[in-house]
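The values are calculated or read from the model by the stated rules, or taken from the named source; none is laboratory data. All of these numbers come straight from a predicted model, not from anything done at the bench. Don't worry about glycine lacking a Cβ; one is built from the backbone with ideal geometry, like all the others, and counts go over all protein chains shown. What goes into the accessible areas is simple: the full protein's heavy atoms, side chains included, and nothing from ligands, DNA or RNA. Shrake-Rupley method; radii C 1.70, N 1.55, O 1.52, S 1.80 Å.
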Amino acid sequence: MEIFNSMTRKKEPFIPITEGKVGIYACGPTVYNYFHIGNARPFIIFDVLRRYLEHRGYEVTFVQNFTDIDDKMIARAREEGTTVQEVAERFIAEYQIDASALGIRPATIHPRATEHIPQIIAMIGKLIDKGLAYVSGGDVYFRVKAYPSYGCLCGQCLDDLESGARVSVDELKEDPLDFALWKAHKPGEPAWDSPWGPGRPGWHIECSAMSTTYLGDHFDIHCGGKDLLFPHHENEIAQSSGATGQPYVNYWMHNGFINIDNEKMSKSKGNFFTVRDIAKEYDLQAVRMFMLSAHYRSPVNFSREMIQQAQSSLERLSIAKDQLAFLMASAQDRKPNEMEEAFMAYCEEVRAHFYAAMDDDLNTADALSALFDLAREIHKLPLNGVSTKALICARETFSAMAGVLGLLNRQEEELSPQVRAMMEERARARKDRNWKRSDELRDAIKALGYILEDTPAGQKVRKGL
Ligand SMILES: [Zn+2]
């Protein structure tokens, strides 16, 4: 597999540090609100990365943090007259609801900043010992100029960064480029004891401390939105490598931005959507499909039209999946004939196309086209008596690809006994040419949320999306 590495700005072959194992750290949400459509993109994309690596046989440790202490958390708790902890608990639970509806699997570990204060303090201590950080008025700052390779990720040298830095009004800092590792306690804010007095961690340090705690000082992949590249990830490298003296991460992956109706998403423009807002109108599986329809590094434009398009694409795949189940009911346990042999060879070609696309820096758009190719061929199969072997081959290929993309993997919904009984009664009614009763039953089945079709091989029913 090749991965575009933001550090070197080119595609590189992916070689894990330990054969057969992959460690991935993804920056997670600050849990002060429902997450928005811009956050959803990295969550979905890097969930697919993890699924694909697992599918190819790697043992993946996927770590995604919850930022449960920062200015926004404190402001929200104050607004609501509650504690920061209560806000965190509530929005972690809400995150899980939306993530699950988007088909995002829980990470191997979801560490929370407030549960890693000792590790954070230890790392800050090491940085102070090495002269890479200093205490000032109860705060602790990272001394950027003492770390000469600062800027290696964003590709800017210290001089460029310095001329671009806003003149700091903060008298506690030695230099405008320095950033906070520890913030001294202010009245009304949560605080933890530290060797530098009570306070709370800065945002950047939590990711350095938690990633190295679970993945070791040097690990394989760190990912997040492009907006995190600078300063967040640049700072993480300086903190982690500064403290450990080791290289930090081998591959940096960043996804592109999301525009809404061709405009930058912002609260002030009113085009700011939380995933929860979108769930009121659309199936969130369609949001996942939409995100996978473009390359993760390209910017994407989110609009109603695009989401409807994604919904109908998803429907096409769902119909193909149902068609396979339907064909299976009349499958014949025999040696595949010539046409079926050719179809099975085609399934292998599709799988190879899919792998080639995913190996090319996670090209999900191209990988999806392989899935659609197979869906189209499934519909060309005869409606009756296809060889079981050919159908199993198609089903395995289809579900392997859909599984990697995290699509159509909802728990199979068994037909309820009520619907089954209605279908049987309807089959009898049709046999007796009782069209009136047949129509009544069709309408009743539809009213329960099922889509019913009459085919030369009998009734086909599936749950509507
Ligand atoms: Zn982070």
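Between the C-alpha center of the stretch 238-294 and that of the stretch 319-350 there is a gap of 38 Å. Under 17 Å Cα to Cα from LYS226, which lysines show up? Leave out anything in the same chain fewer than 8 places away. Cα-Cα hits under 17 Å: LYS10, LYS11, LYS264. Note on the stretch 194-260: with neighbouring protein chains present and a 1.4 Å probe, carbon and sulfur make up 53 percent of its accessible heavy-atom surface.
Seen against the Cα atoms of the chain and their longest principal axis, helix 71-80 is set at about 70 degrees.
Measuring with a 1.4 angstrom probe and ignoring ligands and nucleic acids, ARG90 comes out at about 70 Å² accessible. Tell me the GluC sites (Glu not before Pro) within the stretch 336-413 that lie in a loop according to DSSP and have at most 16 other beta-carbon atoms within 10 Å. Here the sparse-neighbourhood loop sites are GLU412, GLU413.
Here the chain is assigned +1 on the Cβ of each Lys and Arg and -1 on the Cβ of each Asp and Glu. Its dipole about the Cα centre then comes out at about 1420 debye. With a simple spin-label model that places each label point 7 Å from the Cα along the Cα-to-Cβ direction, the separation between THR244 and LYS380 comes to 5.1 nm. Once both labels are positioned 7 Å from their Cα atoms along Cα-to-Cβ, the gap between ASP261 and GLU396 label points is 4.9 nm. Computed over Cα pairs, the Kirkwood radius of the chain leads via Stokes-Einstein (0.890 mPa s, 25 °C) to a diffusion coefficient of 98 µm² per second.
Calculated mean residue ellipticity, 222 nm, the chain: -15000 deg cm²/dmol, from DSSP H runs (n ≥ 4) at -39500 (n - 2.57) each, averaged per residue and rounded to 500. Relative contact order of the stretch 309-405, taken over Cα pairs closer than 8 Å and 6 or more residues apart, is 46 percent. Please list, by residue number, every one of the trypsin sites (Lys or Arg not before Pro) in the stretch 303-399 that is coil in DSSP and has at most 13 other beta-carbon atoms within 10 Å. Sites meeting the loop and neighbour criteria: ARG334, LYS380.
With both labels modelled 7 Å from their Cα along Cα-to-Cβ, the ASP193 to GLU349 distance reads 7.1 nm. All alpha carbon pair distances within the stretch 309-405 were sorted into 5 Å bins beginning at 0; the resulting P(r) in whole percents reads 2, 14, 25, 24, 17, 10, 5, 2, 0.
Specify the inter-centroid distance of the stretch 375-432 and the stretch 105-161, based on alpha-carbon positions, in whole Å. The stretch 375-432 and the stretch 105-161 have Cα centres spaced 53 Å from each other. Across the stretch 80-166, what fraction of all alpha-carbon pairs, as a whole percent, falls in each successive 5 Å bin from zero upward? The calculated distribution, bin by bin, is 3, 10, 12, 13, 13, 14, 14, 14, 8, 0.
For the chain, the solvent-accessible area of protein heavy atoms averages 46 Å² per residue (probe radius 1.4 Å; ligands and nucleic acids excluded). Using C-alpha pairs below 8 Å separated by at least 6 residues, the relative contact order for the chain is 16 percent. For the stretch 417-463, relative contact order (Cα pairs under 8 Å, six or more residues apart, normalised by length) works out to 26 percent. Taking 0.692 mPa s as the viscosity and 37 °C as the temperature, the Stokes-Einstein diffusion coefficient of the stretch 2-255 based on its alpha-carbon Kirkwood radius rounds to 173 µm²/s. For ASP129, project a label point 7 Å along Cα to C-beta. Then give me every residue of the stretch 187-212 with its amide nitrogen under 16 Å of that point. The answer is 195-196, whose backbone nitrogens lie closer than 16 Å to the label point. Loop-located GluC sites (Glu not before Pro) in the stretch 9-66 (DSSP state other than H, G, I, E, B) with a sparse environment of at most 16 neighbouring Cβ atoms within 10 Å: GLU19. Which one of PRO111, TYR25, ALA370 is farthest out on the positive end of the charge dipole of the chain, using unit charges on Cβ (Lys, Arg +1; Asp, Glu -1) and the Cα centre as origin? Among PRO111, TYR25, ALA370, the one farthest towards the positive end of the dipole of the chain is ALA370.
Based on the Cβ-Cβ distance from GLU174 to ARG420, what FRET efficiency comes out when R0 is 56 Å, to the nearest 0.05?
0.15
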